[in-house]
Amino acid sequence: MNADAGGWRSIAVHVDPDTAGEQRIDAALLLARRFDARVMGVSVNAHAPGIEARTVQSLRWRASMDTWSVDHAAMRDRFRVRCDAAGVRCGDVALYAGQPSAALVLASHAADLLVVMQPAARLHGGPLTVDDLEVVLRLAARPVLILPSTWNEPLHAQRVLIGWDGSGACARAVADALPLLRHAGEVQVVQLICREAARAGLADWWPPVRDWLRRQGVTAESRSVTLATRPEHQLRRLAELLEPTLLVMGAYGQETWRAPWIGRTTRFMLETSPVPLLVSH
C-alpha cells in the first residue's frame, strides 16, 4: 500500500496478553498498512526488577529490557509473525518494568499514535484501568486511539464525528486526526452548547474549524446541538444515534487549575463510548 504523505509513520500498541490484545493489534496493523507505518509493541511487567521507588506522575522509573520472561518472548514472536503476515514493518515489543500508564506515556514519546483499549467493565478490572488511561491521556505526547472493550469490527473512518467544544485540546485532537479525516467518507462537526449560550448567540464556534478543515482537504458538515442533558450524556447519545465509526474529541478541554473536576465528560466517554475514540489533550 502506498504511503500517505500526511499520515502516521510509527504506531505504538499495547500488546499485553489479555483478551483484548488481538483487537488492539488488528487496529494497529490496519492503520500501519494504510500509512506504511512501523508498528511497535508495548508490554508491561509490573513485577519485574528495576523499578525505582517513585510516583507514576514523575515517570522516574526505568525500562527493564533484560527481564524477558518466556511468556513475553513468546508474545514478541507472535507479534512479529502477525506483522509479517499483514505485510507491516515491525518494531520490537518493548518490555517495561513499572506501571502500565507510565510505560504507555513513555512509548508515546517515540510514536505518532498510541493504540489502547477501553478497560473492560468487570469486577477485577484489567491490566489497564480507567485511572491508568486518564494518566496516559494527560501525559501522552501523541494522540491516543481508544477502542471500546466490546469492539469487534475492523477499524475504519467511514463516518467521523468531531465533538467540538472550542477548546485548545479539541483543536489539537482535530489536527492529530487529519490522517484519518482525509480518508473519511463523511465528517460531521457537532458543537454542544448550553442553553444560555444559545440564547445569547454565542454558539458560532464551528465555522472556523470547518473552514480550517477545508483548507486541509477535508469536507465537513457542521451542526450545533443545544444541550438537553449533561454534556457527557449528550455526546454519548449522539454517538449512538449518528453511528460514527470514529469519534474525535479533546481530553479535559474545559479543565482549569481552579476546576479540575470538569474532566468528567472525558472520563465518562472513556468508560462508556460505544465507538472508537481518537483523543488528544
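Readers should treat all values here as calculations from the given coordinates under stated rules, not as data from a laboratory. Since the structure is predicted, the reported quantities are computational estimates derived from the model, not experimental observations. Methodologically, a virtual Cβ is constructed for each residue, glycine included, from the backbone with ideal geometry; neighbour enumeration extends over all protein chains shown.
Remark on Gln118: its backbone amide H falls under 5 Å from those of Leu147, Ser149, a criterion applied only to residues 5 or more positions apart or on other chains, H modelled at 1.01 Å from N.
Taking amide H as placed 1.01 Å from N in the peptide plane, Ser222 has its amide H under 5 Å from the amide H of Val189, each at least 5 places away in sequence or on another chain.
Using Cα pairs closer than 8 Å and at least 6 residues apart in sequence, work out the relative contact order for segment 87-158, in percent. Provide the component values of the computation, followed by the final result.
Values: 67 pairs, mean separation 26.6, N = 72.
Relative contact order for segment 87-158 comes out at 37 percent.
Treating only the Cβ atoms of Lys and Arg (+1) and Asp and Glu (-1) as charged, compute the dipole magnitude of segment 69-195 about its Cα centre; round to the nearest 20 debye. Please list the in-between numbers first.
Working: 12 positive and 12 negative charges, 34 e Å.
Around 160 debye, computed over segment 69-195.
Apply 1/(1 + (r/R0)^6) to the Cβ-Cβ distance of Glu221 and Val130, taking R0 = 25 Å, and write down the FRET efficiency to the nearest 0.05. E between Glu221 and Val130, to the nearest 0.05, is 0.20. Among the trypsin sites (Lys or Arg not before Pro) within segment 79-154, those in coil by DSSP and having at most 13 neighbouring Cβ atoms inside 10 Å are Arg122. When +1 charges are put on Lys and Arg Cβ atoms and -1 charges on Asp and Glu Cβ atoms, the dipole computed for segment 128-177 relative to its Cα centre reaches about 200 debye.
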